[in-house]
Amino acid sequence: MLTVRDREKLGKLLGKIGSPDDAEVLTAARQADKLLAKRRETWADLLAPAPAPSPDLPPAPDHVHEALDLLRRGKPYTSNWERDFLRGIMSFRVLRPAQAETLGSIRAKITAALEIDRYTD
């Protein structure tokens, strides 16, 4: 199974396919294929549509949606530790107070950075 980091790496490798350097394209394609093989995945597995959520499953907690949003919008503004923290809390049904506080700090940091960027562009 591909991890979030695997998918990020795969995205970077696939981004090189448009390179005018044929050697770079071939190397990136081989590395991408090797990554899938290492995780015992196929291209068909990767490109298959995600299964529809089961109506019997409870909805994901709010902090899961927030962590996903912060990972998507905040990558340039967060440390590796903060991104690992956000990925980690997605498996929890309920956050402890310290975890909720850390989530709030990361949210504030990203919000401030996005505001600064908005006014400096």
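The values are calculated or read from the model by the stated rules, or taken from the named source; none is laboratory data. Since we're looking at a predicted model, the values are computed, not measured. Counting neighbours? That spans all protein chains shown, and the Cβs are built from the backbone with ideal geometry, glycine included. Just the protein is used for accessible areas: all its heavy atoms, side chains included, with ligands, DNA and RNA removed. Shrake-Rupley method; radii C 1.70, N 1.55, O 1.52, S 1.80 Å.
Over the chain, with every protein chain in place, what whole percent of the accessible area is carbon and sulfur at 1.4 Å, could you tell me? Don't skip to the end; give the middle numbers.
Details: 5210 of 8820 Å².
That fraction is 59 percent.
In the chain, the calculated helix contribution to ellipticity at 222 nm averages -21500 deg cm²/dmol per residue, counting -39,500 (n - 2.57) for every DSSP H run with n ≥ 4. Projected label points at A48 and K12, each 7 Å from Cα along the beta carbon direction, are separated by 2.8 nanometres.
Computed from the C-beta positions of T120 and D56 and an R0 of 41 Å, the FRET efficiency is 0.30 to the nearest 0.05. Packing, as the average of other Cβ atoms within 10 Å across residues, places the peptides 105-114, 71-80 in the order 105-114, 71-80, highest first. Converting phi to 3J(HN,Hα) with the Karplus coefficients 6.51, -1.76 and 1.60 and the offset θ = phi - 60°, the stretch 82-94 yields 5, 5, 5, 4, 4, 5, x, 6, 5, 8, 8, 6, 9 Hz in sequence order, with x at every glycine or proline.
When the square roots of the Cα gyration tensor eigenvalues are ordered a ≥ b ≥ c, the ratio a/c for the chain is 1.5 or more and a/b does not exceed b/c, which makes its shape oblate.
Using a/c under 1.5 as the rounded threshold, could you call the stretch 23-73 rounded, prolate or oblate? The axes a ≥ b ≥ c are square roots of the C-alpha gyration tensor eigenvalues, and prolate needs a/b larger than b/c, oblate otherwise.
Details: a/c = 3.67, a/b = 1.83, b/c = 2.00.
Note, shape of the stretch 23-73 comes out oblate.
Using the 1.4 Å probe convention, the accessible area of the chain works out to 73 Å² per residue with neighbouring protein chains retained. Here the extension length gained between R30 and A108 equals 24.1 nm, from 0.36 nm per residue of separation less the Cα-Cα distance. With R₀ fixed at 30 Å, the C-beta to C-beta distance from A100 to D21 puts the FRET efficiency at about 0.05. With an a/c value of 1.5 or above and a/b not larger than b/c for the gyration tensor axes a ≥ b ≥ c computed over the alpha-carbon atoms, the stretch 42-104 is described as oblate.
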